[in-house]
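Working notes for the structure below.
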């Protein structure tokens, strides 16, 4: 068993060792905005993944989801919108520059399907905690998209 970190939105901090990943798992899917950056410590991250997909969510939907998330964690609407259009937008601008380095770019429809599948998996198979432990295979992933 190995353990991966999770991000606790209530604390605003990553928590080491939060997601148990069993040895038998064959695939890891990791969300990470900076995985394709070519500078700093992130430059080493790309070599650890068999594939990196860029989720190209429509701008309006991205902002809507960010505002809703910030409101869920205590910001009023104006503060949530300001954060989404300030700090979050600067991150989005940086991340968008990495799009061409991705192995695959997926759009809204595929992204929504993946989210629904992950939700169903968590609800059906993972149990309490809702953590998805998906492990990266040493072979290249085969994707029909």
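The values are calculated or read from the model by the stated rules, or taken from the named source; none is laboratory data. None of these values were measured; they are calculated from a predicted model. Note that each Cβ is placed from the backbone with ideal geometry, even for glycine, and that neighbours are counted across all protein chains shown.
Quick rundown of the values:
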| quantity | calculated |
| --- | --- |
| Pairs where the first residue, in the stretch 96-118, is within 14 Å of residue 61 (Cα to Cα) and the second is assigned to a helix (DSSP H, G or I) and at pLDDT 85 or above, C-beta under 8 Å, 6+ apart | 108/61 |
| Residue within the stretch 52-67 that is more than 22 Å from residue 84 (Cβ to Cβ) and touching a strand residue (DSSP E or B) at 6+ places or on another chain (Cβ under 9 Å) present | yes |
| Residue in the stretch 30-51 that is touching a helix residue (DSSP H, G or I) at 6+ places or on another chain (Cβ under 9 Å), within 25 Å of residue 107 (Cβ to Cβ) and not in a loop (DSSP other than H, G, I, E, B) present | yes |
| Residue in the stretch 83-97 that is farthest from residue 8 (Cα to Cα), counting only those that are surrounded by 11 or more Cβ atoms within 10 Å (Cβ to Cβ) and out of contact with any helix residue (DSSP H, G or I) (no Cβ under 9 Å at 6 or more places or on another chain) | 97 |
| Matching residues, the stretch 11-27, being under 17 Å from the mean Cα position of the chain (by Cα), in a loop (DSSP other than H, G, I, E, B) and in contact (Cβ under 8 Å) with a residue 40 or more places away in the chain | 27 |
| Residue 117 vs. criteria assigned to a helix (DSSP H, G or I), modelled with pLDDT under 90, under 16 Å from the mean Cα position of the chain (by Cα) and under 24 Å from residue 6 (Cβ atoms) | yes |
